[in-house]
Each structure stands twice: as C-alpha cells, then as structure tokens.
Amino acid sequence: MKIKHLIESQQLDVETIFAIFKEADELRISIKKPLKGEILATLFYEPSTRTRLSFESAMLKLGGNVISTENAKEFSSAIKGESLQDTIRIVSSYVDIIVLRHFEEGAAKIAASASSVPVINGGDGSGQHPTQALLDLYTIWKEIGSLDDITVVMVGDLKYGRTVRSLCYLLGKFQNIKIIFIAPEYLSIENDMKDYLKKHNIPFEEQTDLNKYLPQADVVYMTRIQKERMPDTERRNTKGTYKITKENLSLLKDKSRLLHPLPHVEEIELSVKIEQTDDRVAYFRQAENGLYIRMALLSYLLE
C-alpha cells in the first residue's frame, strides 16, 4: 500500500510497517544517500527537540537539504493572520516534503489537503503522532523480538497524550496483544480508542494500581502529564500521579522494557547510572531509533 501523506497511524498496514522497519535496519548498517537535491521543510508551531532534530538529521544523512522554522506560530506569517492552508500552499512550492507539528488536532489533515508534496504529521494537538508510534513499535520489535503475544501497560496521561493513541492504532494490527491502561479517571483513555480496540478484538483493562500490573508487563509505556493541554482544574491535581522509581522498576521482568516518548519529567525517578546500565530502561534507545525510522520514512515517501 503506497501512501502520499502520513497523517495518522491507521494508514499503515502491516506490510508497510515491516517494509519501513527493514529499511531502518539497513540504514543502521549503511547510510545510502538517495535524496540528494531534495528539500525537507520542518514547520513547527509547537516546541520539539527529538522530532524536529531527528527529521532534520535524517534528511541530511540521506543527502538532502533542510529549511526550518522551530516556532512557526510566531516566526512565520501566521502571526500576521495567514491561514495554515495558505502557508502550506506556499511552502509546498519550495520543497519536496513537509513535516508539520501543530497545536490543533486535525491540522495535519488540513495541511495535506492543501499541499502539493507529501506531508508528515509531526504531532497535532491531542490528535496523533504517527512517526512516534512507528519508532515505538520498532523499539518493541527490536527489544522484545515480537509484536504478537505481548502485554503493554500504558501509564499516565491517556486522555491528552497523542503518542498513546497513535501506538494503540498500530498495536491493533497485531495478534494476541493485551493492553492495560493505568491512569486517574480524569485522564483515562477516550471512548473512541476503546471502540477501536473492541472492533479489532484487542483485550484491554482500565486500572489504577501501577505496581500491581508491572509484573505482568512485557512493555511499560510511561507518559508525562500534558499540562499544556489541560484546563487549570485538572492541572492542579496531576503532580506525582504515577512514577517509576528504583523500587518499582524491580517489579519488571528481566526481559520487559520501559519506554517513554520523552521528555520525561516527574513520572520517572531513576538515576543516570540505572538508565545507562539496566537493559530494561529502553527510552534513550527508543529515541535513537527515531532517527532511523524517520530516515526510512523519508525514503519511502520520496522514492
């Protein structure tokens, strides 16, 4: 299945996912430069470290070029009132591919409808972040060795966290997956996500006791609280809701893996030594995987 834009995880079938994984593996060994002369625009209306820099690095390593704005909300004609559609029409006439991060859910779909070149959703509000989901899934595959017959415990802000939504859509394509959602009630997973999992016969539970379910997990997917997307009444109640510490990390099986889309803040309290030496802590390897997945994705969309 060939796609022009990557807007949401649901677009990706299993064959395409593994084709991108295969390309990412090959790029680890030998960096080809098939994109010489191609130009990537990273158009970011929200802050980013890993997504923007890894896409820019990916394009440069593939022999292409990059033009960028890291604060398009203020340092583009958006501040003058230009619509997203008009911005995309103009930018797409200058470049060969666009990565867009935007604060409004659905912005990537709007951008794709206006663009003459491929658009990649680099995160749209509380909506989706499909390239994060791809690198998350790739990390699980590399670390665990399978995407079937696993239990994934997702923890934290499941209401506003777009990475959880995107990963759930991809997990729904595999066999004998079980998902355990752990969150306070006011940050629980939305009903549309539950409906999707039911439709695809993915068993899931909603729980509140993190330590009780850590021993069952093959993958623990921690998330930070998305305070910037919350009303003040919710924000005041979120401090210290769930944490991974040295003590409860010991509850994980030796072959289990702790993932996080980063940045991690108060929800992980592990020393740098533990992060560097405990194989179960995989989130920095996960972030590195993003470079190779994004290289593979750029190659796939521009081939």
Query raised in the report: In segment 242-269, what count of residues is obtained for those that are over 22 Å from the mean Cα position of the chain (by Cα), assigned to a loop (DSSP other than H, G, I, E, B) and buried (at least 16 other Cβ atoms within 10 Å of the Cβ)?
Result: 2
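This table checks each residue for (1) within 22 Å of TRP141 (Cβ to Cβ); (2) free of Cβ contacts under 8 Å to residues at least 40 places away in the same chain; (3) not assigned by TED's automatic domain parsing to the domain that holds LEU134.
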{"residue": "GLU247", "(1), (2), (3)": "no, yes, no"}
{"residue": "LEU251", "(1), (2), (3)": "no, no, no"}
{"residue": "ASP254", "(1), (2), (3)": "yes, yes, no"}
{"residue": "LEU258", "(1), (2), (3)": "yes, yes, no"}
{"residue": "PRO261", "(1), (2), (3)": "yes, no, no"}
{"residue": "GLU269", "(1), (2), (3)": "no, yes, no"}
{"residue": "GLN276", "(1), (2), (3)": "no, yes, no"}
{"residue": "VAL281", "(1), (2), (3)": "yes, yes, no"}
{"residue": "ILE293", "(1), (2), (3)": "yes, no, yes"}
Requested in this report: Return the total of residues in segment 181-215 being within 22 Å of ILE268 (Cβ to Cβ) and surrounded by 15 or more Cβ atoms within 10 Å (Cβ to Cβ).
Outcome: 10
Query raised in the report: When you go through VAL164, VAL95, VAL99, VAL117 one by one, which is the residue that is touching a residue at least 40 places away in the same chain (Cβ under 8 Å) and more than 19 Å from the chain's Cα centre (by Cα)?
Result: VAL95
Query - Candidates LEU258, LEU251 - the one that is under 19 Å from ARG50 (Cα atoms) and modelled with pLDDT of 95 or more - result: LEU258
Query raised in the report: If LEU134 satisfies every condition in (1) in a helix (DSSP H, G or I); (2) touching a Ser or Thr at 6+ places or on another chain (Cβ under 9 Å); (3) farther than 29 Å from ASP278 by Cβ but one, which is the exception?
Result: (3)
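The values are calculated or read from the model by the stated rules, or taken from the named source; none is laboratory data. Only a predicted model underlies this, so the values are computations on that prediction, with no experimental measurement involved. Here Cβ is always computed from backbone atoms with ideal geometry, including for glycine, and neighbour counts include all displayed protein chains.
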